[in-house]
Structures are given as structure tokens and as C-alpha cells.
Amino acid sequence: MRRGPAGYAVHPVRRAIARGLWWLARAALVVAVAAAVAPVTLAAAVSAAFGWWRGWPPRRLYAAAAWCLPMVTVWLAAVAGWPVRAASRFAAPPGQSLRPRGLVASQARLPGASPVLPPGVGPGPVWFRVAAAPYRAWLAMWHLAWHGHLLAAAIAAAPPAVPLGIGAGGLAWAYRIFRMQTGAGGLTPAAPAAFDERLWRRQVRTAKALLAAPGALPLLSPNGHVVTGATIRSVRHRAGRSAAIPYTRLRSHQVVIGSTGTGKTTLLLRLWAGFMAAGLRRYADGTAPRPLLVVLDCKGGASSRKVADRARRVLRDAGARSTAIWPDEASLSLWALPPDRLVTTLLDLIEHGTGGAAYYTDVMEALVSLAVFAPCGPPASAADFLARLDADWLSATYAAAGDFAGVATARSGKRAFEDVSLRFRALWRRLGAGLDGGGSFADADAWYCILEGTAEAAVAEAQARALTDLLASYATGGHREILLAVDEFSSVSRRLPIWQLYERARALGLAVQVSAQSWEGLAASDDERYRIAATAEGGIWLLRTPRPGPVAELAGTRSYVDTSRRLDGAGGWDGSGSSRTRLVPVLDADIVRQLDVGQVAYVYRGGVTYVQVKRLTGRQAALAQAAVRDPAAGAPGWAPDGDAPAARTWPLPAVRAAGVPDASEVLDEAFGARRD
Amino acid sequence: MALSARTKVTESESRPSLPKPTAITRNGHKMTNRNNPGFGHGPGLAVRNADALVFAADMYGIQLDQLAILTGGERSARAAVSRWRSLGYAETARLSPGPPWLWVTRAGLAACGLAYPPAQPALSRLAHMRAVTAARLALEATAAYRQAAPFWRCERRIRSRHGIGKTAHLPDAEVHWPDEAPVAWAGECWAVEAELTRKTVARTAAIMREILSRTGDYGCPAADAAVPGRPPRHARALYLCSSGALSTVLRARAQLGPLGARIEVRDLPPGALL
């Protein structure tokens, strides 16, 4: 029992009656005001209900109200410029004041009646006309409604009432959200959670409806941003219909984490196509070099080939002239590396031991250097290189050039040549022809490199090392804006730690996009994982994953009003309680765990946007299916027994009849063997 | 069994409206199965080895040694030529070193039901004609070809049906493989090119691109010739090269990048050169 101001106890019944009367008076006042401004009330109710139904943030209702301002401006200009004097000269009798009567035609014909003026129009100076226009329109609305002209009344009140109503609806919707988010709304303490769950469902439904609308989400927005999908909800980010990120963020490091089957590939394809389209637009404007996308798919197998085919289709639609699929359809030349870099790369491709093996490493380095720095120039192919691993040939070559130190080195390491040659023969047999062709990263707009990280991890590791060296060498030229996308790179990063790749790319101006199926798949150690995620300036894309905690921790916190409620006996909760502010993670880990397929949380600069990704499909109906390479079958043009093929005199990529069925059966019989 | 011309005419007149066995390929062309016994028994085609006559008409002209491969021997080839000449269906002349050439006259073309403009083979094209003929004979001799029975759409047929101007590049032939053929490449359409002389690499690469990117039939509206998004008309292009042209073709194919995977480069078969 509470006590009054004088210390006397207030009877609960009296207190309840007083409270009821207070509520009644307040409700009556609200109803009276709402009835008086009925058009505004109606518009506010409709807009608030619409915002609730579509799950819109209040900001969008405010924006809708702002879009009504041109209408209001035109209406006010018409009111200010309406020729009231001219109208009164013809209609008003002398000595009678002018009073707006609305558009009642019968009154205009009566002798001595006031002039017929549109709603909101009246006499006075311009500023007074503008200031009084809403009031006059309101009067005219009621006048028309009183006479049964409801449609005319609605039209009369619309110019001021619609924007005011939408704005008021936005405020009401914002207040409702605020109450529920702080735990102060609803009948029970569980109401806010249920409200949020239902709101999320409606927001998802709205986002999906936007995806289904034809042409609603183009790949690039008018200002050149890359549109990834429809916004479901945003926290500390701008809440727009579409989720678009600037091109510059794609030119920064990004991280993508998502389990299998959550839509990671769809998201990546969208980002790659957006990078290509935006980059080509900038290239066409002359503001940037031509873009180059290099994808290292470290899983391999048939699934990677399917993704490569999809990537080729969407990139073609995005404007890419050509997409090379390595090593199935195109090859690169390791021998294009500068000689000093070539020596380092060749040595890195061979696994070395520690301890006593360092001696052999030094011997190998000396012999490889001899072969690469031979006076006749660096080798042009694997066969050329292997042919040089001959002590007699090297001695003769260096002697002819007068380099007797080289001759001495070749002679002293004579016994090791066979071993070194054997190791490199084995290496090239395993690597295949993909690194021994004549191609370059300059030959295509996009390279999709498939590394058999699952089936042949050792080979894939060597390939990854060589490819990154080649790309780094190419990037030093600065001819292209490069995005390097690596998927499950940790499976092949034993020789090249991913953080090293990261740092190296940063130094060269490359953007690296690291994707993995889980937080653990990002890198080998937790330290590396945090280092990668913390330096992702372009943001982190988080699809459904069972362990979003580390990313949520990196995303930061925000202040949150937490309200408690007092339990009032056995009847329920009363309206009293206490609120306090506390910090909660910006990224809701529970939402991430429950994300559906195609939904992603984009974490960037302490905010998060939940996005329903728009699937990108190539328009090409039927494209060649990439042939699944059989690593065991060896590569064309390379003899497993080490017989060197003839040296080529022009760059000739390793071309295979990929994408079309093998017709060698009939062609060989009719015309003999294939000519390569 | 050898039937005389008179007997054959009587047979043909007794069933003048027998349709030729046809099939529809994926590209919408009617295919006539030359291996079918009913082939060539239309009204007016009163000769033995009717398929050889149609073959000669399709290829502009044919040398007798190649005709002998069709008829099964030199003796039967000479007999067929003699009969065709007596009927006015064909003419022969020694146009180049080697065996004489045979070409089908207006009457012969009418008898075959072909609407080609009759003409003696141009001297400048004799070597090319022989090469293409040799390629066709070699391909038709394979087991897969006999089993699948594809349709060889020759350049003369393409040119005459659609009235292509001389500026447009046409393949030397198209091979349409039926959808139901028991081969892995069933349903494909191949372009066949016989390369005897060495063009520039750029020109050869341009022709390759045109062939591989074409989506419409020859003679179709220009807007349909190469429409992005539609499947290409030719699944692959078969380049049959002389030793002199081989390096150019290989370099041109290398210029195509990944597209070059759809180019098959082979040597011309033996006996293809004049």
C-alpha cells in the first residue's frame, strides 16, 4: 500500500480509480486531437501500419514524407500566388469580408455570396497566406465533409495532411520499436523477443519480395556501388532498400565465412561480378587500370569446375572479355618470372628438410642458379630447364662466356646434378603443364585457378606457391587493378602462410578476399585468424556458421537499454521497473546461427547489415562444361618418363579439347593424331 | 545386282512419289541418309551409283581416282562415268595433272534434284576441291561415321541455298551428327576447313572466331548470325592442314585462348594434295 504526500495510506481501489480516470482523460484527449486532425491521423495510421507490415525502419517513412515535400511546395506556391483580389472583385459584395468557402458551386451563384476560392486559399500578405494555408485547408476539409463531399474533403486536406501523417506514422513506428527494443513495451517481458522475431520474418519477406521484382536490384547502382542484395536489417549502418558497397571496399581486403550450402558461392560470384563490372566502368572512364580477378579455388574436383563454369557466365555478363580456367583450359608460364625470383620460386617448390639437409639445399640452390643464370638467358620451359641440369653443358656454356667461376661451380657439383634433375623431373610431372605454357595473367580479365587441395595437397601447395609468385610478379607492373580471391586457402598454405600472402598483397596493392567454411578454416592458427579478420578493411561477410563468436567480438559493441519489470502479485507485470544501459555486441550471434540460405551479415566499421543476397545467373544458356582433369593421367605434351618435348618458338597455351566431348576416336582414324 | 538404265526408269516411274528418308538435325536441317537403300531412287535419276553422282555434284567436281573410292573400284568408276556421260548427266576433262575431273551437268543436277548453278570446276579451286573431297572420303570411311550416319553439308549446298555473297566466309563443309547417334558428340555440328595455303595468322584467327562464335545458320538475318547468349552453331571446327599451313593454323588457334579448345587440327589425309 502506497502512501500519499501527507503520509496517509492510499487505498488501492481509490488509487486504481484515480489511475483509470487519468487514463480515460488522456485517451479522450488523444482521441479528440486525432479526430480533429483526422486526415493526418489516418495517414499516420496507414503509414505506421505499412511500416510494421513491411518491416521498414522508421527512416524510410521519414524519407517517404520528405518525398511529399515537392507536392507541398507546389501547393503552397499556388496558395501564395492565387489571384484572390480578382476573384473578390467579381463575387463579393461591397463591405463584405472575404472568407474561403471551398468549392461549393451553388454558393458561388448566389447573389452577394463570397468568392469561390480553392481550399487553403485566402486573403492576406504572402507570408500569411502560406502560414494560414494548412489551417484554411483544414477548415475547408471539414466544410466539404459536412456537406457530404468526402472525396473533395480528402483532396482538400491532402497536401498538408499526407506528409504530416507519414511523418507522424514514422514517429509512432519508431516509438513502438524503441519501446520493444528497450523491453518497455508489450504486455509481458517476453513480448519484445516475440516482436523482434516477427519483425525479422517480415523484413526477410520484404527483402525477398524485392529480390523477386524484375530489375529491382541491378549489379551496379547508379552511383557505381556494387549491389549485393536486399537489406533485411541494419545496425549502425544506413538502412536502404538495397545493400550496396562502394567499389573501393572490394579493392580492400575482405573475409567471407560460411558453411557449405549457405550461399557462399552465390555471394562470391556476386562480389566478383560487381568488382568486374565496376572496375570496367572505371576503366572505361579512364580513372583506373583494367581490372583483373584471380580466383584460387583450393578445393578442386568436380564442384570447383561447376563453380568455374558459373563464374565464367556471370563474369561474361559483367563485361569480362574472357575467363581463363586454369589448368583445364589455359596455362601460365612460370618461366616468365624474373631470373632471381625464378630461382627462389623453383627452390620453394621443392621440399627441403632441416639440419643436415641444409647442405643439399645449398647445393641445389647453386645448381639451379647456374641453370637459370646461364649466359644464354633464363630457361623458357621446363624441358629447357631440365636439359640445362647437365654439368658438361653448363661448363661449356660458362666457359664460352669466360665465366670460370661458373665452370668451377658446375664441376664441383657434378655428382649432385642427377639428384637435382630427378627431383625437378618428379616435380614437373606432378605439377602438370599448367605452369609450363605460354600464358600470362594479362591474357584474360579473370583467371579461375583450380588447385586440387583435397585430392593432392602437396601438388596444390606447390601450385599455390607458384601462382602467387607469378601474380606478385605481374602485379609489380601496376597495369591492372587486381582482386585475388582465395577459397579455403588454409588447406594449401603450408608453404605460403596466408598472413604472408596477405601482407605481400597489401604491399603490392592487391586486394585479397579470403573465404572459408568456418572461422577455423581461415588460417592455421588463431593468431593468424585474428590477424586476417582484424585487417579486413573491406568488411567481413558472415553467412550461417556455428561459431560466429570471434567475428562478433571483432564487430564491436553498442549501447543497449535493458529494462526490468516488476511483478505485481499474481496478476502480471505492472508498469514500473528500472532501465539501465549496457553494451551488447553489434553482431547478434544468434541471428547469424539462424541465417537462412542466401542471407549474410556484412560487418563493417562497427556496424552490421543483414542482407538477402541476390542470385546472379549468367544469361548464357549453354556453355561448355569444364573437363575434369585427371591428375593421374599426366598433362598433354609432357612425357612422364622425362623425355623433353621440342622447344616451342612461340607462346602456345596448353590447349585441350575441354568443353566438348572427345572425338579423337573418329578423327584419329580418319586423319591421324592431333596436331598441337 | 546391276540394273540397266531402262529398267530403273521403269521402276522409278512406277512409284514417282516415294519420299526420301530424312531426319531432322538439331539445327533444323533435313538429313538424307546415303546409306539407306532407298536413297537416290527419285524420278529421273536413272543411273547406277546414284550416291556417287550426288557426291560429285555436292563437291563441285571430283577426280576419277576419288570417284573410284566411292564406286568400289576404278573399273566401276569408268563404267559409271561412261553411263553418266551417255545420259548427259556429267562431263569429264583433264583439268589438272593426274586423273581427269568429272562434274555434273545441268541435266545431272536436275536428275539429282539439286538446284546448284551448273559450272565447270574453276581451275583455281581444283586443289581445294580435291582436299575437301579427300577429307570427306576419309571421314566417311571411319566406323563411327558409318554407324552414326551424319549429314555432310557441303559448301556448295550452303552457298546455293542461301545465296551467300562472295565476301562472307563459309566453311568448306558442315557435319551434322544426329542426336540419336551412338557417339559421345551426338547432336553436334562441326565446321570443316581444309587449309592448303598459308594465310596470315590474324586472318586465320578471325575466321576461327567467326566460326566458333556463329549462332545462326548461313544465310540467316545478320542480326541472328552471332547472338550472345545463344549456343554456338559449331561445337567445334575441324582444321585439316597441309604441312605448309599447319604452323599458321596452330598459332592462330593459340591466339584464341580458351576458345581454341574447340579447334581440332589434323593433317590432310593421304592423297589429298593435287
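The values are calculated or read from the model by the stated rules, or taken from the named source; none is laboratory data. Keep in mind the model is a prediction, meaning the values are calculated, not measured. Here Cβ is always computed from backbone atoms with ideal geometry, including for glycine, and neighbour counts include all displayed protein chains.
When you scan region A:311-339, how many residues do you find that are away from chain B (no Cβ under 14 Å) and out of contact with any helix residue (DSSP H, G or I) (no Cβ under 6 Å at 6 or more places or on another chain)?
Of the residues in that region, 3 qualify.
Could you tell me whether any residue of region B:144-156 is closer than 27 Å to residue B:96 by Cα, away from chain A (no Cβ under 14 Å), of a type outside the set (S, T, N, Q) and assigned to a strand (DSSP E or B)?
yes
What number goes with the only condition from (1) surrounded by fewer than 24 Cβ atoms within 10 Å (Cβ to Cβ); (2) of a type outside the set (S, T, N, Q); (3) assigned to a loop (DSSP other than H, G, I, E, B) that residue A:439 does not pass?
For residue A:439, the failing item is (1).
Residue-wise test of (1) within 22 Å of residue A:173 (Cα to Cα); (2) hydrophobic (A, V, I, L, M, F, W, C).
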residue	(1), (2)
A:19	no, no
A:23	yes, yes
A:26	yes, no
A:35	yes, yes
A:41	yes, no
A:47	yes, no
A:51	yes, no
A:54	yes, no
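Please go through region B:82-104 and pick out each residue that is assigned to a strand (DSSP E or B) and of a type outside the set (S, T, N, Q).
Correct list: B:90, B:91, B:93, B:101, B:102, B:103, B:104.
I'd like to check something: does region A:474-483 contain any residue that is within 20 Å of the chain's Cα centre (by Cα) and of a type in the set (A, V, I, L, M, F, W, C)?
yes
State which residue pairs qualify: first residue in the same structural domain as residue A:161 (by TED's automatic domain parsing) and inside region A:17-42, second residue surrounded by 10 or more Cβ atoms within 10 Å (Cβ to Cβ) and outside any helix (DSSP H, G or I) in any location, beta carbons under 9 Å apart, and separation of 6 or more residues or different chains.
A:18/A:10
Residue by residue through region A:240-258, note down the ones that are surrounded by fewer than 21 Cβ atoms within 10 Å (Cβ to Cβ) and assigned to a loop (DSSP other than H, G, I, E, B).
Within region A:240-258, A:240, A:241, A:246, A:252 meet the criteria.
Working only within region A:187-224, note down all residues that are touching a helix residue (DSSP H, G or I) at 6+ places or on another chain (Cβ under 7 Å) and under 16 Å from residue A:318 (Cα atoms).
Result: A:217, A:219, A:220, A:224.
So which residues in region B:212-258 are closer than 24 Å to residue A:331 by Cα and of a type in the set (A, V, I, L, M), if there are any at all?
B:212, B:235, B:237, B:238, B:246, B:249, B:250, B:252, B:254, B:256
Looking at region A:60-137, what helices (runs of 4 or more DSSP H) fall wholly within it and have at least 1 residues that are hydrophobic (A, V, I, L, M, F, W, C) and at pLDDT 85 or above?
Where helices (runs of 4 or more DSSP H) fall fully within region A:60-137 and carry at least 1 residues being hydrophobic (A, V, I, L, M, F, W, C) and at pLDDT 85 or above, they are A:69-81.
Can you tell me which residue among A:397, A:345, A:361 is touching a His at 6+ places or on another chain (Cβ under 7 Å) and farther than 30 Å from residue A:269 by Cβ?
Going through A:397, A:345, A:361 in turn, the sole match is A:361.
How many residues, within region B:88-102, are touching a Gly at 6+ places or on another chain (Cβ under 9 Å), surrounded by fewer than 22 Cβ atoms within 10 Å (Cβ to Cβ) and either under 16 Å from residue B:154 (Cβ atoms) or among the small types (Gly, Ala, Ser) (or both)?
1
I need every pair where a residue in region B:244-273 that is within 7 Å of chain A (Cβ to nearest Cβ) has its Cβ under 6 Å from the Cβ of a residue that is in a strand (DSSP E or B), sequence separation at least 6 or different chains.
B:253/B:263; B:258/A:324; B:262/B:236; B:264/B:236; B:264/B:238; B:265/B:239; B:266/B:240
Of the conditions (1) within 14 Å of chain A (Cβ to nearest Cβ); (2) without any contact (Cβ under 8 Å) to a residue 40 or more places away in the chain; (3) in contact with a Leu (Cβ under 7 Å, 6 or more places away or on another chain), residue B:135 satisfies every one except a single condition; which number is it?
(2)
Exactly one condition in (1) on the phi > 0 side of the Ramachandran plot; (2) free of Cβ contacts under 8 Å to residues at least 40 places away in the same chain is not met by residue A:175; state its number.
Of (1) on the phi > 0 side of the Ramachandran plot; (2) free of Cβ contacts under 8 Å to residues at least 40 places away in the same chain, only one is false for residue A:175: (1).
Only one of these is touching a Pro at 6+ places or on another chain (Cβ under 7 Å) and surrounded by 14 or more Cβ atoms within 10 Å (Cβ to Cβ): A:371, A:391. Name it.
A:371
Check region A:488-500 and report whether any residue there is free of Cβ contacts under 8 Å to residues at least 12 places away in the same chain, under 18 Å from residue A:292 (Cβ atoms) and more than 14 Å from chain B (Cβ to nearest Cβ).
No, because not a single residue in region A:488-500 is free of Cβ contacts under 8 Å to residues at least 12 places away in the same chain, under 18 Å from residue A:292 (Cβ atoms) and more than 14 Å from chain B (Cβ to nearest Cβ).
Please list, ordered by residue number, the helices (runs of 4 or more DSSP H) wholly in region A:495-611 having 1 or more residues that are of a type outside the set (A, V, I, L, M, F, W, C) and more than 29 Å from residue A:188 (Cα to Cα).
A:498-508, A:526-534, A:549-555
Being in contact (Cβ under 8 Å) with a residue 24 or more places away in the chain, surrounded by fewer than 23 Cβ atoms within 10 Å (Cβ to Cβ) and more than 8 Å from the chain's Cα centre (by Cα) is the filter here, so list the residues in region A:226-239 that pass it.
Listed by number, the residues that qualify are A:233, A:234, A:235, A:236, A:237, A:239.
Given the conditions (1) of a type outside the set (Lys, Arg); (2) more than 23 Å from residue A:665 (Cα to Cα); (3) within 10 Å of chain A (Cβ to nearest Cβ), report the number of the one that residue B:221 does not fulfil.
That leaves (3) as the condition not met.
Restricting attention to region B:246-265, which residues are in contact with a strand residue (DSSP E or B) (Cβ under 7 Å, 6 or more places away or on another chain) and surrounded by 21 or more Cβ atoms within 10 Å (Cβ to Cβ)?
B:249, B:250, B:253, B:258, B:262, B:263, B:264, B:265
Residues being part of a loop (DSSP other than H, G, I, E, B), modelled with pLDDT of 90 or more and more than 7 Å from every other protein chain (Cβ to nearest Cβ): count how many of those fall in region B:224-243.
Of the residues in that region, 3 qualify.
May I ask you to list the residues in region A:205-225 that are on the phi < 0 side of the Ramachandran plot and over 17 Å from the mean Cα position of the chain (by Cα)?
Result: A:205, A:206, A:209, A:212, A:213, A:214.
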